[in-house]
Ligand code: HEC
Ligand SMILES: [Cu+2]
């Protein structure tokens, strides 16, 4: 009997050992992510099996002083983190779409060789995770971005970042590395107009940017947020351009790039460059030695973008003066002749008191619409053919408003026909309370040529309860 027990014990430990070894064999090196302007660490390891976990998340944040925006992000920030891997790495990529997301997202990494750069394999609904694998065949500095329809809108809302595939052994050592991404934003209001600004599809299509920024917002890397270097140090910038539209004439006021890796390729192919062109969906690596103290100013030298739309970032250089290299009146104050944020007319706040009049309910409904629905159904309720159905003059909407209330509460998927056009997409459920739903439905059923009575919050509550009991 004792022997028998011993055997079982032995067998289990052997089994456990095998199981353990199996699990270990599956363990991959987790790739650390670094958030701009931090560029992470140079890699000295040899290529191997690695794992990347990246989260997509929709967050409301600062676009400029007093201006908020609903950003769609990788990693909760614009740009998304820089991902550093080694040429030859076999990457298992996990894209996690946060459960609070309203949209599905995916990722197209320009470093991937294969259809869509991973896009089709990574389409991920809110609260889900997708996994796919690729081998990093070619060293270089690559853009990644969301490629979910409507692609332009996902990119315009902030979904891009850089992946650096380092050659084995790394790039030549420098003293400091920084990570900077330029991009353009399109808002309903003009530059500086306060409040939560919805995305403007029209301006984006016309390529009329209201904001051109480095690292996701006006002033993200100026003043106290500027990065620092010391006289005599060498600096390397990993510069990306997320677009969605504009090409950057990237320049650093007060410096000459000693070396440029044009277009983010791996060949240091140019010396002594003043401005380098960075295409939308492209990148560049620039290096320079800082010789004198002061503030270096990164700009898009399409210069109205710098002084009127936000395309300014700073490197503060500390150390001893070198009057041979540069002697002159130096001020560490900022080169912003036209001011940081030119304020346009302020929109009056339209906070309403309870109980609300008919008109107040419609205004509140409009605000809710612009914040929660317009990203998909568009500012004028016109929708996007084949993707987001229209609400303006929608036969489907007006035929059954109780059904519409149910759609806002529970979301909708599957095929529907709106004004003769087929839609088969997903609308996520909207987290709104009964009175907000009553008002937003009141607005959409009375705007753009629609006409109907207003539903009350208790009526919405009744519909919500009846949906639950089914
Ligand atoms: C993430 C994008 C998205 C958001 C945000 C969104 N919708 Fe939708 N909506 C859709 C899609 C997609 C459909 C069609 C779903 C299908 O094909 O089954 C739809 C369908 C509808 C419909 C029925 C079709 C029609 O045209 O009449 C109504 C009504 C509607 N949405 C109202 C709203 C309201 C009100 C809000 C804001 C509170 C909102 N939606 C927010 C994507 C969205
Ligand atoms: Cu996306």
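Each value in this text was obtained by applying a stated rule to the coordinates, not by laboratory testing. For clarity, every value in this text was computed on a predicted model and none was experimentally measured. Cβ atoms come from the backbone with ideal geometry, glycine included; neighbour counts cover every protein chain shown.
Summary of values
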| read-out | value |
| --- | --- |
| Net length gained if the chain between residue 59 and residue 230 were fully extended (0.36 nm per residue, minus Cα distance) | 58.0 nm |
| Cα-Cα separations in segment 78-169 greater than 20 Å, expressed as whole percent | 31 |
| Sorted by Cβ density within 10 Å, fewest first, the residues 323, 101, 469 | 469, 323, 101 |
| Residue 384/residue 256 FRET efficiency (R0 60 Å; Cβ-Cβ; nearest 0.05) | 0.85 |
| Segment 393-461 and segment 168-220: distance between their alpha carbon centers, rounded to Å | 34 |
| Stokes-Einstein translational diffusion, the chain - Kirkwood Rh over all Cα pairs, 1.002 mPa s, 20 °C, in µm²/s | 86 |
| Protection-proxy order for peptides 447-454, 308-315, 245-252, 258-265, each taking the mean of Cβ atoms within 10 Å per residue, highest first | 308-315, 245-252, 258-265, 447-454 |
| Potential extension, residue 137-residue 403 segment - 0.36 nm per residue separation minus Cα distance | 90.6 nm |
| Helical contribution to [θ] at 222 nm, DSSP H n ≥ 4, -39,500 (n - 2.57), averaged over the chain, rounded to 500 | -6000 deg cm²/dmol |
| Label-to-label distance, nm, for residues given as residue 308 and residue 90 (7 Å Cα→Cβ offset) | 5.5 |
| Rounded to 5, percent antiparallel among DSSP beta bridges of the chain | 70 |
| Hydrodynamic radius of segment 358-468 per Kirkwood, over alpha carbon pairs, in Å | 13.8 |
| Rh (Kirkwood; distinct C-alpha pairs) - segment 241-328, Å | 13.9 |
| Burial ranking of peptide ranges 278-285, 355-362 (average Cβ count within 10 Å, highest at the top) | 278-285, 355-362 |
| Cα centroid separation, segment 123-157 to segment 361-384 (Å) | 28 |
| Residues in segment 387-405 that a label on residue 462 would reach, taking backbone N under 15 Å of a point 7 Å out along Cα→Cβ | 401-403, 405 |
| Sequence ranges 235-242, 132-139, 424-431, ranked by mean other-Cβ count within 10 angstrom, highest first | 235-242, 132-139, 424-431 |
| 326, 142 arranged by Cβ crowding within 10 Å, fewest neighbours leading | 326, 142 |
